[in-house]
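What follows is a set of notes on a single structure, which appears directly below.
The values are calculated or read from the model by the stated rules, or taken from the named source; none is laboratory data. Predicted, not measured: the structure shown is a model, and the values here were computed from it. Cβ placement follows ideal geometry from the backbone for every residue including glycine, while neighbour counts extend to all protein chains displayed.
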Amino acid sequence: MENNKNRENDSEVKNKDFNRRNFLTTSILAGAGLALSPFSGETANKPRILNEKKHHPLKKGKRKLGSLEVSAQGLGGLSVVGFYTGGPREQANVNRIYREAYEMGITLFDTAEVYGPFINEKQVGEAVAPFRKDVVLATKFGFDVDPDTGQRRGIDSRPKTIRKSVEGSLKRLRTDYIDLSYQHRVDPNVPIEDVAGTIQDLMREGKIRHWGLSEPGLKTVRRAHAVQPLTAIQNEYSPWTRNPEAEVLPLCEELGIGFVPWCPLGYGFFADAINENSRFSEGDFRAILPRITPENIPQNLEMLYYIQEWGLKKDATASQITLAWLQAQKPWVVPIPGTSNIIHLKENIGANDISFTSDELQEFNAGLAKIEILGAQNAEGVMTAMGVEAPKK
């Protein structure tokens, strides 16, 4: 009899404890199911809460990347080009996503020559055509891409390749100027002064208005900025990839350069798209990511659960907490999450209604720092092109 009573007491205590493993099926669930296959590019742990606001939060939030004014959040293009799975989305769906984003206040749309290759620039060009003059189009050069086959033949920022890339981007984007043109990766064989000089020429011709670098070495940033002031740096940055905080963000602040986190939701990890049962189909880039292997996911989910706990405090989803946290770092940080789903688009935009006090931000960061993350930041091939310094002139 006593043993039974003890067992009942133990059970009661366990039930009162916060069960992280059942987080999504207990505390946070309140809506209809949106669960999809673990092979999907959308979500694996769904359903999720979406507290829609009657107003459009991004319409009241503007930020500066250098001198360029943009919405507090942008829209990345990889999801609609089928980077994860499912192939390029139908243009009608892309139009709907992008036009809804614009109506809700997003004015920064990010793409690249190699997304497809070429496909995403065409998608974005058609989608934003009705309001092209009212938005900021950002794209990227820096690879030698075969115009006939789309084969990417390596990093290449020689002046003639930059010009060819920019001319192609202008046609695909249906525009006569690019608002923000990034060097996609630093070319270890071309001095950054030559790159900056080519950009200056293209600016004088009216084909580019602002420029930036993606994943550059710190010395390269200074050298580039000395020739032609940079508007933005675009690096990977999320709760489990915080290395920009040590040196890149301080350098941006010093030089007056904006910062654009790519992959702000960790390839969907912080959007509840990945769980312990997730396995990725052939061709899905996430299949080679070290942090979401079957061995590493269980430990790394601890960070997602931590973010979800904050979501309970602030009546928000993990995606919203993650994006709001990024926006809270600096007033010139503008994340660019991508999606091919309007529900998720609205959810992401809702992050602009969430704020962190300085004390909350400090507490949140301290909690993140205590969680061990297993696995390298990204795939080896991606990592080797990060932080590269351009050769001397």
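Data overview
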quantity: Residues satisfying the stated conditions in segment 294-329, i.e. surrounded by fewer than 21 Cβ atoms within 10 Å (Cβ to Cβ), outside any helix (DSSP H, G or I) and touching a helix residue (DSSP H, G or I) at 6+ places or on another chain (Cβ under 9 Å); calculated: N296
quantity: Of all residues making up segment 246-279, the number that are modelled with pLDDT of 95 or more and either farther than 23 Å from I371 by Cβ or in a helix (DSSP H, G or I) (or both); calculated: 16
quantity: Check on E282, modelled with pLDDT of 95 or more, surrounded by fewer than 19 Cβ atoms within 10 Å (Cβ to Cβ), not small (G, A, S) and not in a helix (DSSP H, G or I); calculated: no
quantity: Which listed residue, of F141, F131, is in contact (Cβ under 8 Å) with a residue 24 or more places away in the chain, aromatic (F, W, Y), under 20 Å from H225 (Cβ atoms) and touching a helix residue (DSSP H, G or I) at 6+ places or on another chain (Cβ under 6 Å); calculated: F141
quantity: Residue match in segment 330-337 (condition: hydrophobic (A, V, I, L, M, F, W, C) and assigned to a helix (DSSP H, G or I)); calculated: no
quantity: Options N365, N352: the member that is of a type outside the set (V, I, T) and either closer than 17 Å to I233 by Cβ or within 19 Å of the chain's Cα centre (by Cα) (or both); calculated: N352
quantity: Pick from segment 346-393, criterion in contact with an Asp or Glu (Cβ under 8 Å, 6 or more places away or on another chain) and of a type in the set (K, R), ranking: farthest from W262 (Cα to Cα); calculated: K393
quantity: Condition met for G154 (outside any loop (DSSP other than H, G, I, E, B), farther than 29 Å from L58 by Cα and touching a residue at least 12 places away in the same chain (Cβ under 8 Å)); calculated: no
quantity: Options A72, A138, A44, A112: the member that is within 23 Å of D272 (Cα to Cα), modelled with pLDDT of 95 or more and surrounded by 19 or more Cβ atoms within 10 Å (Cβ to Cβ); calculated: A72
